[in-house]
Amino acid sequence: MGSNDILIVDDEIGIRELLSEILQDEGYRVVVAENAAQARLLRNQGRPALVLLDIWMPDTDGVTLLKEWGSNGQLTMPVVMMSGHATIDTAVEATRIGAFDFLEKPIGLQKLLATVKRALKHGEVIPPKVVENSLATLGKSPLILILKKQLDQAQNLAFPLLLTGEPGSGFVACARYLTPATAPFIAPDSQDALIESGADLVSRASGGTLFLRDIGHYERKAQGALAALLPKLDKHNARLICATSTGLPELLDRFDPALFTYLSQIVVPLPSLREHRDDIPELAEHTLASVVEASKTGSRRFTSAALNALRQHDWPGNHEQLQNIVKSLALTSADSDIDVVPVNRVLAQFSPPRSHAATSSGPQFNFDQPLREARDEFERAYFEHHIGLEGGNMSRVADTVGLERTHLYRKLKQLGVQVVKRQRS
């Protein structure tokens, strides 16, 4: 696949041949694919100048493939959708995801050539939007420079990489940093995806990265699925990057020793946000600018006092929590200047409530009880802490502790932890 090629993706051979003949007669170079699987493979080999993509295909529909390219950072070329019986809603969705235009079948000759010409010009003039493979979103402090150096040293090593750190410490940013901008970046949302379609995930990650989120909570079935796909990584030239907020001793206790040894050949620890507080004001201002641009809320800026309050916060949720709070402040502020009062009000919602079971030195545990009871007591305190920290938002609690929401609710029920529904204001 070359950068001057037009890729035609359509399951109907007649359409592929007709479009190819027309475009080749006009002097264009053409490559064809009869389904989404072939289109993925060709896209992994290089960036085409333009893609003509049919919406209705038997294996994966065109809108899903378009969305996949967008989430993987591979939507770096103009894509024109094609369909003979698509609804207006489908066309609007495709445009929202990133399609350049939409052609309705049967496609007229002049309409086709005019659209192709405009799309190619668009691809030349407007720089393609690619995933920023940079650690700038994590900061510029000495600790981040050390992290960058460690990742650079691991860049060309053909071994799996294990990222460790607190929840929200920037795992995705680090994994993307190690992935070429035009290469696929496959990051399944849950261990269930690995269990159900591990081989397909590796295939889609061909030439790029398969990133697995907090593996510390993988159950035995997911661990088995992970072990089964390891031999396929070399075949597809896919690099495995895992992340965990679980301590390595505990991870070793949970995992098969051979699998743990394989995954931990290269370990890179990520610093917590509070370890490089000086980065916080600039990160907050950058996030605020991005939210304002995306949501068109009007001018917003933090006062010096507000930035100082953000800098002094401990950020147990690290970068992800900072981004969420800044977004909330940007979208709810009544004034263009965001002062310290609304900042402290929001930060207070993320502070754990005082518990009658705690003293100034923290929760008191009874060590004269069986291990199972002691463990349950700790887990109750652990989950109550995070529920209070996230203000009862169970979606954020699930993300922070690294559990699927159904698993989290099941665990809380077993422990007898009551979840109080948040009141609507």
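The values are calculated or read from the model by the stated rules, or taken from the named source; none is laboratory data. In this text the structure is predicted, and so the values were computed from the model without any measurement. Reconstructed Cβ throughout: ideal geometry from the backbone, glycine too, with neighbour counts over all protein chains shown. The area values use the complete protein model at the heavy-atom level, side chains included, leaving out ligands, DNA and RNA. Shrake-Rupley method; radii C 1.70, N 1.55, O 1.52, S 1.80 Å.
Just the residues that are in a helix (DSSP H, G or I) and in contact with a Gly (Cβ under 8 Å, 6 or more places away or on another chain), please, taken from segment 323-341. Please lay out each step first, then the result.
From segment 323-341, those in a helix (DSSP H, G or I) are 323-332, 340-341; that's our starting set.
Across segment 323-341, the qualifying residue is only 324.
May I ask you to list the residues in segment 382-412 that are basic (Lys, Arg) and either more than 16 Å from residue 192 (Cβ to Cβ) or open to solvent by less than 40 Å² (accessible area, probe 1.4 Å) (or both)? Before you say what the answer is, go through the steps one by one.
Keep residues of segment 382-412 that are basic (Lys, Arg), which gives 396, 405, 410-411.
Of everything in segment 382-412, those that are basic (Lys, Arg) and either more than 16 Å from residue 192 (Cβ to Cβ) or open to solvent by less than 40 Å² (accessible area, probe 1.4 Å) (or both) turn out to be 396, 411.
Residues being surrounded by fewer than 16 Cβ atoms within 10 Å (Cβ to Cβ) and touching a residue at least 12 places away in the same chain (Cβ under 8 Å): count how many of those fall in segment 364-378.
Taking segment 364-378 as the starting set, the residues that turn out to be surrounded by fewer than 16 Cβ atoms within 10 Å (Cβ to Cβ) are 364-376, 378.
Of the ones still in play, those that are also touching a residue at least 12 places away in the same chain (Cβ under 8 Å) are 365, 376, 378.
Residues that pass the stated criteria total 3.
Candidates 75, 18, 41, 66: the one that is in contact with a helix residue (DSSP H, G or I) (Cβ under 9 Å, 6 or more places away or on another chain), of a type in the set (A, V, I, L, M) and without any contact (Cβ under 8 Å) to a residue 40 or more places away in the chain is 66. Tallying residues that are out of contact with any Ser or Thr (no Cβ under 6 Å at 6 or more places or on another chain) and assigned to a helix (DSSP H, G or I) within segment 24-83 yields 20. Here is the figure for segment 161-198: residues that are part of a helix (DSSP H, G or I) and either acidic (Asp, Glu) or under 26 Å from residue 321 (Cα atoms) (or both) total 11. Go through the residues of segment 86-93 one by one and say whether even a single one is at pLDDT 90 or above and either farther than 22 Å from residue 22 by Cα or not in a loop (DSSP other than H, G, I, E, B) (or both). Checked segment 86-93: no residue is at pLDDT 90 or above and either farther than 22 Å from residue 22 by Cα or not in a loop (DSSP other than H, G, I, E, B) (or both).
Residues in segment 1-41 that are among the polar types (S, T, N, Q) and in contact with a Pro (Cβ under 9 Å, 6 or more places away or on another chain) were compared, and the one that is surrounded by the most Cβ atoms within 10 Å (Cβ to Cβ) is 35.
Output yes when any residue across segment 8-20 is within 30 Å of residue 134 (Cα to Cα), at pLDDT below 95 and hydrophobic (A, V, I, L, M, F, W, C), and no when none is. The answer is no; no qualifying residue exists. Criterion first (touching a strand residue (DSSP E or B) at 6+ places or on another chain (Cβ under 6 Å) and either modelled with pLDDT under 90 or of a type in the set (Lys, Arg) (or both)) does residue 204 satisfy it? The answer is yes for residue 204. Figure legend. Inter-residue proximity from segment 100-123: first residues aromatic (Phe, Trp, Tyr), second residues assigned to a strand (DSSP E or B) and at pLDDT 90 or above, beta-carbon distance below 9 Å, spacing 6+ or different chains. Indicated pairs: 100/50; 100/79; 100/80; 100/81; 102/80; 102/81; 102/82.
Yes/no per residue for (1) of a type outside the set (A, V, I, L, M); (2) at pLDDT below 90:
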position	(1), (2)
133	yes, yes
138	no, no
143	no, no
146	no, no
152	yes, no
157	no, yes
163	no, no
169	yes, no
177	yes, no
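Pull out all pairs, ordered by first then second residue, where Cβ-Cβ is under 8 Å, the residues are six or more apart or on different chains, the first lies in segment 311-324 and is over 15 Å from residue 245 (Cα atoms), and the second is open to solvent by 70 Å² or more (accessible area, probe 1.4 Å) and among the small types (Gly, Ala, Ser). Pairs found: none.
Which one is nearest to residue 285 (Cα to Cα), of the residues in segment 166-191 that are touching a Leu at 6+ places or on another chain (Cβ under 6 Å) and open to solvent by 20 Å² or more (accessible area, probe 1.4 Å)? Going through the qualifying residues, I end up with 173.
Looking only at segment 48-97, residues that are open to solvent by less than 10 Å² (accessible area, probe 1.4 Å) and among the aromatic types (Phe, Trp, Tyr) come to 1 in all.
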